[in-house]
1. What does the highest-first list of 142-153, 55-66 look like by mean Cβ count within 10 Å?
2. Find the relative contact order for segment 289-383 and round it to a whole percent, using C-alpha pairs within less than 8 Å whose residues are 6+ positions apart.
3. Only four residue types carry charge here, +1 at the Cβ of Lys and Arg and -1 at the Cβ of Asp and Glu. Report the dipole size of segment 29-158 about the Cα centre in Debye, rounded to the nearest 20.
4. Once both labels are modelled 7 Å past Cα along the beta-carbon direction, what's the E29-E348 spacing in nm?
5. Charges only on Cβ, +1 for Lys and Arg, -1 for Asp and Glu: so what's the dipole of the chain about the Cα centre, in debye to the nearest 20?
6. Give the relative contact order (percent, whole number) for segment 113-264; include only Cα pairs under 8 Å separated by 6+ residues.
7. Nearest-5 percent of antiparallel DSSP beta bridges in segment 175-270?
8. Restricting to Cα pairs below 8 Å that are 6+ residues apart, what does the relative contact order work out to for the chain? Please round to a whole percent.
Amino acid sequence: MPDPIYLDYAATTPVLPEVIDAMLPWFGEQFGNPGSVHRWGQKADAALNRARRDIAAVLNCAASEVVFTGAGSEADNLALRGVMMAAHIANRGNHFITTNAEHEAVLATAEQLAAHYGFDLTILPVDAFGQVSATQVAAAIRHDTVLVSVIWGNNEIGTLNDLPAIAEVCRALGVLLHSDGLQAAGQLNPDVTALGVDLLSIGAHKFYGPKGVGALYVRSGVDLLPSQTGGGQEGGLRAGTSNVPLAVGMAAAFTAAHERRDAQAAHYRHLRDMLIDGICQRIPDVRLTGHPTARLPNHASFVFRGIDGNDLLMQLDLAGIAASSGSACKTGNPEPSAVIRALGIDDEWGLGSLRLTVGRHTTESDIAFVLDTLPGIVARMRG
Ligand SMILES: *Cc1c(COP(=O)(O)O)cnc(C)c1O
């Protein structure tokens, strides 16, 4: 039995050894609270500030515009809740816009704000590739619109949205733009000025950093109501003693992700395209989901007609391949994911979704093994 192959880098990534090394002292002898006045506190505070500066350097923003959070989901929550609550208090408007292909961290937050906090929400439908256009966004903006939130790189289908074009419309109409950058920010250039976003969520465990730490870029001057109150940490936006080791690890991982970004992305695209071309050539009744070219470098996703996606994942796991699917099996009544349905794919195809995401440890022989193994599994399941 060959070593199992991990092709689920969109779910999470292993922490790089140098990132672990960078974190270790801050779990050990350097244990101070960055809020303390004494030398332990000063050292921890300096490390936290260095981490913030390093992340800001990659984002091309000021260190004061980076807010550490406890997860990517928390960054999304802080963006949506913080902006809408602050606008409500200042009487600046009640309406916000998102899409029907967002991660749950955005969509569930938006729906709760609409259902229980009195905000008015427009959910834009994505096209068959999973994109929303700047024209659609412009048409949905009203006099009372405060915020638009559009995912950058889709976790399920890999599609990239054209943030600069959407940002131009938002800026012209005086509306803030947030983007969930969890998948894309570790692989593509997350320069917030080039992207044009006012708020951007990132998370360390998607780019070979530790779990349980994320950050929200908040453009200077954007008003947020803190969603967690207490001490004045993180510019008053996120109370709680800062997690120095995780912040240090996130900064080390983000810096490492961008040192060789273009070479890394080219390598991922090569492996991804081997998967897409190979699977589409070797297996009948399969379709690529998401955009054929505007997609995350490491992301290949498909639907197979007449296949149960969860069964497929189990068969792949038995064969030594770790993959993922969009569909959630609800007590014996499998349903395609909302994102797959948003593409207009019917259930006969949509139930058979598969996501394969490559990463730093993926080799061409891993891909060859998948291309040798998957056609037989699909044929057996259909037979
Ligand atoms: C992983 C992910 C999240 C959630 O991040 P956590 O750090 O796991 O909370 C949000 N959005 C997207 C697109 C993601 O891929």
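1. Numbers: 142-153: 22.3, 55-66: 18.9.
For the peptides 142-153, 55-66, the packing ranking is 142-153, 55-66.
2. Values: 126 pairs, mean separation 34.8, N = 95.
Once normalised by length, the contact order is 37 percent.
3. Dipole of segment 29-158, to the nearest 20 debye: 580 debye.
4. If labels sit at E29 and E348, their model points lie 6.8 nm apart.
5. In debye, rounded to 20, the chain gives about 560.
6. Working: 208 pairs, mean separation 24.5, N = 152.
Averaging sequence separation for qualifying contacts and normalising by length gives 16 percent for segment 113-264.
7. Values: 5 of 9 bridges.
Approximately 55 percent, going by the DSSP bridge assignments.
8. Result for the chain is 22 percent.
Values in this text are rule-based calculations from the coordinates and carry no lab data. Quantities reported herein were computed from a predicted structural model and do not represent experimental measurements. Please note: Cβ atoms are built from the backbone with ideal geometry, for glycine as well, and neighbour counts cover all protein chains shown.
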